[in-house]
Amino acid sequence: MKTIHRKTLDVALAIAFLAVALPAHADFITYNDAVGPASGSAANVTHYSGYLGGGGGFETLSGFLKDIATGLNTPVTATLSAYNVSGGTGVMPNAGTAAYSAFNGIVNLGGSASYGDSTYGWWYQVVFTGLDPTKQYEFVTTANRGSTYTPERWSQFSLIGADSYVNGSSAGTVQVTPDVVKLNGGANTAAGDIVRWTGITAADGSFTVRSENLRDINGKPYGYGMQAFMLAETEKSSPVPDGGTTLALLGIGFAGLAGLRRKLSA
């Protein structure tokens, strides 16, 4: 009975923490696990994937994103698609990094989308539709293979179809142009870098984020697509948090929840 009670309390505390951690101006924040197993993520995380070979009951390409705090469907649909990708094992970046703050305790980063073993030209993308033209959006994604034999495996992430945006990606990424960012997803455990755009607007209610391979320093086609993503809707008149404020607030909230769980278990 004690275990059941503690789990029930954990759920209530998680909901309460989300209500406090989310910025007051955010209409909703959504999370999607794009590759990993369907288990291990928080409630209200969706599991749409463009990679259809993974099994585990998550071969769903498209659907409504859910508000992480309430579980209600938002008006936004995410449609994922891929070409020449396969699944691989991923690793959670280290505590204190931007990627850890963004996804730890919310999305299980236990899988990563990748290419075929020796083929260039793979891509993995998400198309968002049903966006409100009067609002603005924040998008965050990451990838981390996390193995010692993958020191340099860079992928390119492109924001397509947006009318305005600000590149807020972390320092370890490389900005090609404001709408194109490179991320080393081979060894991203220590850096925990993220690809991030804020202030995204789309008059036609749609934009796309596409990840694809680049030749790494060894001339090989290694690279990793998005493991998970976060999409938040905010008012245009409200300032978008800079320096990862949204992510930090969520990370602090879940860290506090974890500490309280330890006290309850003592």
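The values are calculated or read from the model by the stated rules, or taken from the named source; none is laboratory data. In this text the structure is predicted, and so the values were computed from the model without any measurement. Here the Cβ positions follow ideal geometry from the backbone for every residue, glycine too, while neighbour counts run over all protein chains shown.
Would you please name the residue that is modelled with the lowest pLDDT, looking only at residues in segment 194-246 that are assigned to a loop (DSSP other than H, G, I, E, B), within 16 Å of Ser114 (Cβ to Cβ) and aliphatic (A, V, I, L, M)?
Leu214
Looking at Thr79 and the list (1) in contact with a Ser or Thr (Cβ under 7 Å, 6 or more places away or on another chain); (2) buried (at least 23 other Cβ atoms within 10 Å of the Cβ), which single condition is not satisfied?
Condition not satisfied by Thr79: (2).
Of everything in segment 133-145, what is farther than 16 Å from Ile29 by Cβ, surrounded by fewer than 21 Cβ atoms within 10 Å (Cβ to Cβ) and in contact with a strand residue (DSSP E or B) (Cβ under 8 Å, 6 or more places away or on another chain)? Give them in sequence order.
Within segment 133-145, Pro133 is the sole residue that qualifies.
Please go through segment 166-182 and give me each residue that is outside any loop (DSSP other than H, G, I, E, B) and of a type in the set (Val, Ile, Thr), ordered by number. Spell out the reasoning first.
Restricting attention to segment 166-182, the residues satisfying the condition of being outside any loop (DSSP other than H, G, I, E, B) are 166-167, 174-177, 180-182.
The answer is Val166, Val174, Val176, Thr177, Val180, Val181.
If you take the residues in segment 175-193 that are over 17 Å from Thr97 (Cβ atoms) and not basic (Lys, Arg), which one is surrounded by the fewest Cβ atoms within 10 Å (Cβ to Cβ)?
Narrowing segment 175-193 to residues over 17 Å from Thr97 (Cβ atoms): 175-180, 182.
Now narrow it down to the ones that are not basic (Lys, Arg): 175-180.
Numbers: Gln175: 12, Val176: 13, Thr177: 9, Pro178: 12, Asp179: 16, Val180: 16.
Residue satisfying both the conditions and the ranking: Thr177.
Scan the strands (runs of 3 or more DSSP E) fully inside segment 68-132 and keep the ones with 2 or more residues being modelled with pLDDT of 95 or more. Break it down into steps so the answer makes sense when it comes.
Numbers: elements: 73-83, 85-89, 111-115, 123-129.
In segment 68-132, the matching strands (runs of 3 or more DSSP E) lie at 73-83, 123-129.
Using the structure shown, decide if Asn32 is within 22 Å of Gly186 (Cα to Cα), touching a Ser or Thr at 6+ places or on another chain (Cβ under 7 Å), surrounded by 20 or more Cβ atoms within 10 Å (Cβ to Cβ) and modelled with pLDDT of 85 or more.
Answer is yes for this residue.
Look at Gly253 and say whether it is touching a Leu at 6+ places or on another chain (Cβ under 9 Å), at negative phi and at pLDDT below 95.
Yes.
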